[in-house]
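The values are calculated or read from the model by the stated rules, or taken from the named source; none is laboratory data. Remember, it's a predicted structure, so these values are computed and weren't measured experimentally. Please note: Cβ atoms are built from the backbone with ideal geometry, for glycine as well, and neighbour counts cover all protein chains shown. We work out accessible area using only protein heavy atoms, side chains counted, and drop any ligands, DNA or RNA first. Shrake-Rupley method; radii C 1.70, N 1.55, O 1.52, S 1.80 Å.
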Amino acid sequence: MYGGDSSEWEVSVWSGRHMASQIDKNKYAVYEILLCGSDWRVVKTADGQVPAEHEAQIDKTDFSFTWKGDRALFEVALLMIHGKPGEDGALPAYFEGLQIPHTASSSTVSALAFDKYACKSQLRNAGIAMAKDMLLQEDEDVDEQAVVDTLGLPLFVKPNGGGSSFGATKVRRIEELKPALELAFQECPQALVEEFMAGRELTNGVLKTHDQQLVLPVTEIVSKNDFFDYQAKYQGASDEITPAPIPDALRDKVQRLTSQIYDYLGCSGFIRIDYIARDEEVMFLEVNTIPGMTPMSLVPQQVSVAGMSMGTFLEWVIEDAIYRFGRA
């Protein structure tokens, strides 16, 4: 299931189509479902057919689909919707209400992780190191000088909910703060403002199932832009090095921290966590509960370097979702 209602829509479609192509068709009948607002429809059936729009609609009362006179009920939903309504918990809550297994974290965990400020506050209480920050509301008067006095310059402004670096800006001068906030507010009514942290940008994926644990290799991101923005992520303006050329002790620290954060938040399936490393110090940036899974995305790179096929990886994800909901 891919698409969604955010600026990440295009990336989600790319992720979803790629994942659908990687699932073992000898084991699973795969239907591709595009979500756009209230329009949920099957865009490709298990036999590769593309239904006409009028005959492809999902019945949301039970998440079923009628095709050539037969009603199909789905056994599991592989969610590839970045942003709303996938990562914010709304879609997981829908499936949980219908008791249909889905591959994301639970609705409550998803909602917490999607709210960057709330997630950081939770992890800060657990002793996780991270940048100082401020949460600003769209309808409040912002004392720009107070923000700069508190966090210094440069600083980062990003939407409090959302990903793929949409609406994110590196601010070098106080005059740039207001336009940066306006850009962030186009994505979310709350903006997270963070102090700048110089260091190496690292990211690490993890998959945990009821009987397996796979902490993936660490990737170092060397952006050709000022930071890992949309162009750097999806248009080739970065070098992504997996495994990261970092000391073994730092690699082990990042992987331990990824596993600990996963457990502390109560995540499910696979996630990716981003960090800044300053010498031996590892600073948490954010967690992605439905990370990008395009052919050039970070988790697929890490899965490949780990020596696992994407088909096997997705089998673990799918079977664990079915197991988890059967146990609920």
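Of the numbered criteria (1) without any contact (Cβ under 8 Å) to a residue 60 or more places away in the chain; (2) of a type in the set (S, T, N, Q); (3) in contact with a helix residue (DSSP H, G or I) (Cβ under 9 Å, 6 or more places away or on another chain), the one SER297 fails is (1). For the stretch 247-266, taking the residues that are out of contact with any Asp or Glu (no Cβ under 9 Å at 6 or more places or on another chain) and among the charged types (D, E, K, R), the one that is least open to solvent (accessible area, probe 1.4 Å) is identified as ASP252. Per the conditions (1) surrounded by fewer than 17 Cβ atoms within 10 Å (Cβ to Cβ); (2) within 21 Å of VAL254 (Cα to Cα), the sole criterion not satisfied by GLU201 is (1). Considering the conditions (1) under 20 Å from the mean Cα position of the chain (by Cα); (2) surrounded by fewer than 21 Cβ atoms within 10 Å (Cβ to Cβ); (3) modelled with pLDDT of 95 or more; (4) assigned to a loop (DSSP other than H, G, I, E, B), PRO243 is excluded by exactly one of them, (1). Of the candidates SER110, SER165, the single residue that is among the hydroxyl-bearing types (Ser, Thr, Tyr), in contact with a Phe, Trp or Tyr (Cβ under 8 Å, 6 or more places away or on another chain) and in contact (Cβ under 8 Å) with a residue 24 or more places away in the chain is SER165. Summed over the stretch 1-16, residues that are surrounded by fewer than 22 Cβ atoms within 10 Å (Cβ to Cβ) and out of contact with any Phe, Trp or Tyr (no Cβ under 7 Å at 6 or more places or on another chain) total 4.
With respect to (1) crowded, with 20+ Cβ neighbours inside 10 Å; (2) at pLDDT 95 or above; (3) not in a strand (DSSP E or B), the lone exception for THR61 is condition (1). Step by step: first the residues of the stretch 134-153, then only those that are open to solvent by 30 Å² or more (accessible area, probe 1.4 Å) and within 26 Å of the chain's Cα centre (by Cα), then the one that is nearest to ALA113 (Cα to Cα). Which residue is that? The residue in question is LEU135. Within the stretch 105-118, the set of residues being touching a strand residue (DSSP E or B) at 6+ places or on another chain (Cβ under 6 Å) and open to solvent by less than 30 Å² (accessible area, probe 1.4 Å) comprises ALA113, LYS116. Taking the stated definitions as given, is LYS170 surrounded by 15 or more Cβ atoms within 10 Å (Cβ to Cβ), assigned to a strand (DSSP E or B) and basic (Lys, Arg)? Spelling it out, LYS170 is indeed surrounded by 15 or more Cβ atoms within 10 Å (Cβ to Cβ), assigned to a strand (DSSP E or B) and basic (Lys, Arg).
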